[in-house]
Amino acid sequence: AQSVTQLDSQVPVFEEAPVELRCNYSSSVSVYLFWYVQYPNQGLQLLLKYLSGSTLVESINGFEAEFNKSQTSFHLRKPSVHISDTAEYFCAVSRIQGAQKLVFGQGTRLTINP
Amino acid sequence: DVKVTQSSRYLVKRTGEKVFLECVQDMDHENMFWYRQDPGLGLRLIYFSYDVKMKEKGDIPEGYSVSREKKERFSLILESASTNQTSMYLCASRGPPRYTFGSGTRLTVV
């Protein structure tokens, strides 16, 4: 079975500061990795995903995540955050083969202060 | 783009009522999922379906059942609603490897 741990339930940062949201996973088989974002009172949106190839993946709004197989991590980073990045962020994994259900972490609430 | 539509955004039901949550996708996807979202717990899988009339239990199926009579529609059923089923319910559809989520149904059981 797969499991995902998001190490911080809440992360407060000041606007224009860098941020890292941490995600570790456990799996005995190869997985795909995802970050989803949920803005206040909105649905879940895909932010970025790692399927294969380059271990560094980027989103269109400046976030990036790096797949580290040896540390089983997929941390999300942004060098300079904006007020509009205030949201809850979820890390998730799914098996590449077999039952391809998404397994989520507990979520990290990112709050940007002016 | 795939569209996943959940019929109700907010629902208030009484304890003991039978509750139906409906989800429809428009891309002929075989895989569909029901999750519930609770603060501090993330999203937990209730049931999923690989195809019409095919279903499998997720991590927290107790108190729930599902129905998939047509490929585009996946229904979540609370046979006898209880207050601990008050939650946000999210439906998802999978077109490999991408998952698309509905806007969610916030269910309150009183």
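The values are calculated or read from the model by the stated rules, or taken from the named source; none is laboratory data. Quick caveat: nothing in here was measured; it's all calculated off a predicted structure. Cβ placement follows ideal geometry from the backbone for every residue including glycine, while neighbour counts extend to all protein chains displayed.
So how many residues does region A:88-114 have that are more than 12 Å from the chain's Cα centre (by Cα), of a type outside the set (S, T, N, Q) and either surrounded by 19 or more Cβ atoms within 10 Å (Cβ to Cβ) or facing chain B (nearest Cβ under 9 Å) (or both)?
At the first step, the residues of region A:88-114 found to be more than 12 Å from the chain's Cα centre (by Cα) are A:94-103, A:111-114.
Narrowing further to those that are of a type outside the set (S, T, N, Q): A:95-96, A:98-99, A:101-103, A:112, A:114.
Keeping just the survivors that are either surrounded by 19 or more Cβ atoms within 10 Å (Cβ to Cβ) or facing chain B (nearest Cβ under 9 Å) (or both) gives A:96, A:99, A:101-103, A:112.
Count: 6.
Can you name every residue in region A:41-67 that is closer than 23 Å to B:Gly42 by Cα, outside any strand (DSSP E or B) and within 13 Å of chain B (Cβ to nearest Cβ)?
If the condition is that a residue be closer than 23 Å to B:Gly42 by Cα, outside any strand (DSSP E or B) and within 13 Å of chain B (Cβ to nearest Cβ), then A:Asn41, A:Gln42, A:Gly43, A:Leu51 are the ones that fit.
When you scan chain B for strands (runs of 3 or more DSSP E) that lie fully inside it, which ones turn up with 2 or more residues that are modelled with pLDDT of 95 or more and not polar (S, T, N, Q)? Don't jump to the end; show me each part of the working.
Working: elements: B:4-6, B:10-13, B:19-21, B:23-25, B:31-38, B:42-49, B:64-70, B:73-78, B:87-95, B:98-101, B:105-109.
Correct list: B:10-13, B:19-21, B:23-25, B:31-38, B:42-49, B:64-70, B:73-78, B:87-95, B:105-109.
How many residues does region B:46-86 hold that are touching a residue at least 24 places away in the same chain (Cβ under 8 Å) and within 14 Å of chain A (Cβ to nearest Cβ)?
Qualifying residue count, region B:46-86: 7.
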